[in-house]
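For reference, the structure is listed below as structure tokens.
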Amino acid sequence: MSLQRIFNVARKLGTPIIMTDAAGLEPLVILPLDQFEAMAGVTSDGEVKISPPIVQNEMEEIPLEDTFYLEPVDQEEGI
């Protein structure tokens with residue numbers, strides 16, 4: 001099977017191709033340029049869309065007593 005035939009099938013299906021070296025290491029993903037540009041944030045006219053950085057909200061600490069029921073342990077039972 002020729003590599004060109006694999007490219008043609010992948011293009012028709014719209015799926016990426018994953019290739020590796022002979023040892024099965026160093027995987028390389030080949031996908032259509034428009035899919036790569038969309039993933040990289042490049043518009044069709046070549047401009048780069050810079051998205052704002054993702055800011056994670058810091059969660060306030062909630063005491064364990066408010067989250068879980070902590071059952072008292074009786075020391076005399078050997079637990």
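The values are calculated or read from the model by the stated rules, or taken from the named source; none is laboratory data. Everything quoted here is computed from the prediction, not taken from an experiment. Ideal geometry is used to build each Cβ from the backbone, glycine not excepted, and the neighbour counts take in all protein chains shown.
Would you mind telling me which numbered condition in (1) under 27 Å from Leu13 (Cβ atoms); (2) assigned to a loop (DSSP other than H, G, I, E, B); (3) at pLDDT 75 or above Ala23 fails?
Checking Ala23 against (1) under 27 Å from Leu13 (Cβ atoms); (2) assigned to a loop (DSSP other than H, G, I, E, B); (3) at pLDDT 75 or above, the one that fails is (1).
Consider segment 15-50. How many of its residues are touching a Leu at 6+ places or on another chain (Cβ under 9 Å) and surrounded by 10 or more Cβ atoms within 10 Å (Cβ to Cβ)? Give the derivation first.
Initially, segment 15-50 is screened for residues touching a Leu at 6+ places or on another chain (Cβ under 9 Å), giving 15-21, 39.
Now drop any that are not surrounded by 10 or more Cβ atoms within 10 Å (Cβ to Cβ), which leaves 15-20.
So the count comes out to 6.
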